[in-house]
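Inspection log for the structure reproduced underneath, given as structure tokens.
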Amino acid sequence: MPRAHLLVVLALAGAPTLASANGNVSHQWVSRAAIAGTPVGGSLHGLVSDPALLPMLDTGTMYPDWGYTPGATTEEREAGEASHWEPVQDAYRQWIVANYAPPWSEEARQHLAFYLGLSSHGLADQSYDAMFFERSRFYEPGDHSEFDQDTDVMWAATTGPGAPPQAWVPVGPLLELFASIVGVTIEESSMEQQLGFVGVAIAAVNALATDPVQVADAEADFPWAAAHDDDPAAPGNPPHEAEIVRRYWRSNWALVHGDPVPRPVLWTHPADGGAGHPIEAASIESWVSIVFARALVGPDPDPSYFHLVDSGGAEVPLTLDLFYGDGSHVVHLRPDEDLLPDEVYVVTVDPGLPTIHGEALEGWSFAFSTGNQGPPPVNDDAFWDEPDPYGDEPTGGSTGEGVDESGAEPEAGSTAAVGSSSAGSTGGDTTSPGAEPDDSEPSGCGCSPPRREFSPVLLLGLLLVPHRRRRRRR
């Protein structure tokens, strides 16, 4: 075997193996596309488009998968899984706002960028799994254990390589959150090593994506996914994920500034005002999917909050599915009978739907048609294209140039493999997550990590460690 191919095989032995989820090259692309879609002029755009903060956002985006790399302990897997979900992410946001305030210091902006990366990863996985992965299982049943890797290779071949980012990790706050929320104690040095392995996985996918034979094999394994990964009509693929993530960022940016979420629903399929929705109840395409701005109480929400009504006022019987159960965001409304052809339907979510945070969401409605002509939209989605109202905050001299959707780093020298983080090792963040702020500015994470190079010897050692798989919550 040629040496280059051998190194790819060895690197893949260290790649996080997930039963169903985006690969990290796709995750990075989703965050970069969400940056490009964030409206210019507001403080959120000023933060996410700052190249100086890209290493923090990138590392936050890939961080949750550190617990699924080879050699991870049970406690590390639990912490890694928890990193995907809103309770840990929300607690980290609360820690940030308890310790900093606008106008944000550069240190605060680093934390905020990492937080937005975390939230990108978590909701992107939910959207991808609930809609795109489920369609692949519907159209191409069989073994999907390599689905995440194969689709990541296909996406990297189409859009370009991912960039193993510099590591910036707020170790102190995160370890405290894992102890207080998850109930596990994590060793900093082990987390550093596991996080580095995610960078190996990105490099391995990049290498496979340059080999036409490997790409063709991946496409042959999942032809439906290969044909629809950028199809506007296929919900849950990376372009749709990026749209959902940029809306989630805008929603969470309101929470950062002490406001409630601006809208209870981030995204729907079909879109408000959409046409041509399939009618056969036996088909997955008849499902109506709603992505909520906040994590819902499960295992499934109270069906009395959800209504699908035709133009004559008749309500369609539904089976509800909160895809990942308690604490997740994507609800499928699955018609129990065929829909009517050439009919307009209105979906209504009644006010008061509870979230895991003790909130009661406002109501929401949207309309679609099974015919060729869509109805007038109920809502104005131009809202998501308006700058946030929180002022023009410092951008570190950046206007966002150089941040694109390709996964390429904006500056030379910033594409080093993921290294260890010294976060928390310099006496930095000491306030417990959720604690009230004191009068002094925190001294910070000390997140200027050394860069780690991965040698063939280290990669060979990964072969000796059994693979770990993320546990599906369904």
Per the filter on region 228-243, residues over 20 Å from Asp381 (Cα atoms) and not in a loop (DSSP other than H, G, I, E, B) are His228
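For region 155-168, name all the residues that are modelled with pLDDT of 95 or more and either surrounded by 24 or more Cβ atoms within 10 Å (Cβ to Cβ) or not assigned by TED's automatic domain parsing to the domain that holds Asp229 (or both). Explain how you work it out, then say what you get.
We begin by selecting, within region 155-168, every residue modelled with pLDDT of 95 or more; these are 155-161.
Within region 155-168, Trp155, Ala156 qualify.
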Among (1) in the same structural domain as Ala36 (by TED's automatic domain parsing); (2) out of contact with any strand residue (DSSP E or B) (no Cβ under 9 Å at 6 or more places or on another chain); (3) closer than 30 Å to Tyr390 by Cβ, His240 falls short only on (2)
- Hey, does region 183-191 have a residue that's in the same structural domain as Asn99 (by TED's automatic domain parsing), under 14 Å from Met62 (Cβ atoms) and under 19 Å from the mean Cα position of the chain (by Cα)? no
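Conditions tested, residue by residue: (1) at pLDDT 95 or above; (2) touching a Pro at 6+ places or on another chain (Cβ under 7 Å); (3) closer than 21 Å to Pro235 by Cβ.
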site: Ile284; (1), (2), (3): yes, no, yes
site: Arg294; (1), (2), (3): yes, no, yes
site: Ser304; (1), (2), (3): yes, no, no
site: Leu318; (1), (2), (3): yes, yes, yes
site: Asp326; (1), (2), (3): yes, yes, no
site: Asp342; (1), (2), (3): yes, no, no
site: Gly352; (1), (2), (3): yes, no, no
site: Leu361; (1), (2), (3): yes, yes, no
site: Ser365; (1), (2), (3): yes, no, yes
Checked against (1) β-branched (Val, Ile, Thr); (2) modelled with pLDDT of 95 or more; (3) closer than 29 Å to Arg77 by Cα, Val200 satisfies every condition except (2)
> Does Ala82 satisfy being under 27 Å from Leu44 (Cα atoms), assigned to a loop (DSSP other than H, G, I, E, B) and either among the hydroxyl-bearing types (Ser, Thr, Tyr) or touching a residue at least 40 places away in the same chain (Cβ under 8 Å) (or both)?
Replying inline: no
Practice item. Return yes when Ala82 is within 21 Å of Pro387 (Cβ to Cβ) and small (Gly, Ala, Ser) and no when it is not. Key: no
Reported set for region 345-363 where residues are buried (at least 20 other Cβ atoms within 10 Å of the Cβ) and within 22 Å of Gly276 (Cβ to Cβ) is Tyr345, Val347
Of the listed residues (Val349, Val344, Val309), the one being within 26 Å of the chain's Cα centre (by Cα), within 22 Å of Leu266 (Cα to Cα) and β-branched (Val, Ile, Thr) is Val349
Going through region 364-380 in order, the residues found to be surrounded by 16 or more Cβ atoms within 10 Å (Cβ to Cβ) and not in a loop (DSSP other than H, G, I, E, B) are Trp364, Phe366, Ala367, Phe368, Ser369
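Results for (1) outside the structural domain of Gly117 (by TED's automatic domain parsing); (2) among the β-branched types (Val, Ile, Thr); (3) surrounded by 24 or more Cβ atoms within 10 Å (Cβ to Cβ); (4) part of a helix (DSSP H, G or I), shown as yes or no for each residue.
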site	(1), (2), (3), (4)
Leu208	no, no, yes, yes
Val213	no, yes, no, yes
Ala226	no, no, no, yes
Val245	no, yes, yes, yes
### Message
Whether any residue in region 183-206 is without any contact (Cβ under 8 Å) to a residue 40 or more places away in the chain and either out of contact with any helix residue (DSSP H, G or I) (no Cβ under 9 Å at 6 or more places or on another chain) or crowded, with 19+ Cβ neighbours inside 10 Å (or both) is what I want to check.
### Response
no
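The values are calculated or read from the model by the stated rules, or taken from the named source; none is laboratory data. Source: prediction; values computed, not measured. Cβ: placed from backbone, ideal geometry, glycine included. Neighbour counts: every protein chain shown.
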